[in-house]
Amino acid sequence: MNRILIAVDGSPAAAVAARVGLELASEHHAHLAFVLVAPEVDVIPAGGFGFTAALSHELTPADQQPLDDALALAAEMGVDARAELLRGDPVDEIVAFADSFDADLIVVGSRGHGALASALLGSVSRGILSETRRPVLVVRGAATRVPAASAVA
């Protein structure tokens, strides 16, 4: 395995995927690239009754931050990496970048939405799995537990 692509988005699941991908890159002395896909447009509420408007998304430091965090983690782990901030549809852009990078593996996090939430929200990891011919490692984020209410004696 010579080239590993890790998709990040600032979510806890992506952070777990970044760590797993970095460990693999370190073990295999692989070239590593992080990608983050920013949207082309932002959908915002416009008036009442559920109307929305689409505005061109202006890139901000917040868009770059997950990549900077991933590069810092790579440096901390002694792994050379590059980062690319892309724009557009996450699935299409990640798959296209993987092809241009000639990735041997795509590593992506999964938030673990149930079937209904995935159907409504879509799933980047599922989209990548269905669009690419490259191996994909989907890393589930750590489950968060809601503390049980303590009984009053």
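Things worth noting here:
- Looking at segment 2-77, the chymotrypsin sites (Phe, Trp or Tyr not before Pro) that sit in a DSSP loop and have at most 13 other Cβ atoms within 10 Å of their own Cβ are Phe49, Phe51.
- FRET E, pair Ser26, Ser100, Förster distance 22 Å, beta-carbon r, rounded to 0.05: 0.40
- The phi torsions of segment 60-73, fed into the Karplus equation with coefficients 6.51, -1.76 and 1.60 and a -60° offset, translate into couplings of 10, x, 5, 5, 7, 4, x, 5, 4, 4, 5, 5, 5, 5 Hz, rounded to whole numbers, with Gly and Pro shown as x.
- Put simply, the amide H of Arg87, placed in the peptide plane, has neighbours under 5 Å in Ala38, leaving out anything fewer than 5 places away on its chain.
- Pairwise FRET efficiency - Asp89 versus Phe51, Cβ, R0 = 30 Å, nearest 0.05: 0.80
- For segment 1-93, the spherically averaged projection of the C-alpha convex hull amounts to 6.9 nm².
- Length gained when the stretch Arg82-Thr60 is fully extended (0.36 nm per residue, less Cα-Cα span): 6.0 nm
- Restricting the GluC sites (Glu not before Pro) of segment 1-92 to loop positions (DSSP other than H, G, I, E, B) with no more than 16 neighbouring Cβ atoms within 10 Å leaves Glu40, Glu58.
Each reported figure results from applying straightforward, stated rules to the coordinates on display, with no laboratory input. Every value quoted in this text rests on a predicted model; they were computed, and no experiment measured them. So basically every Cβ, Gly included, is an ideal-geometry build from the backbone, and we count neighbours across all protein chains shown.
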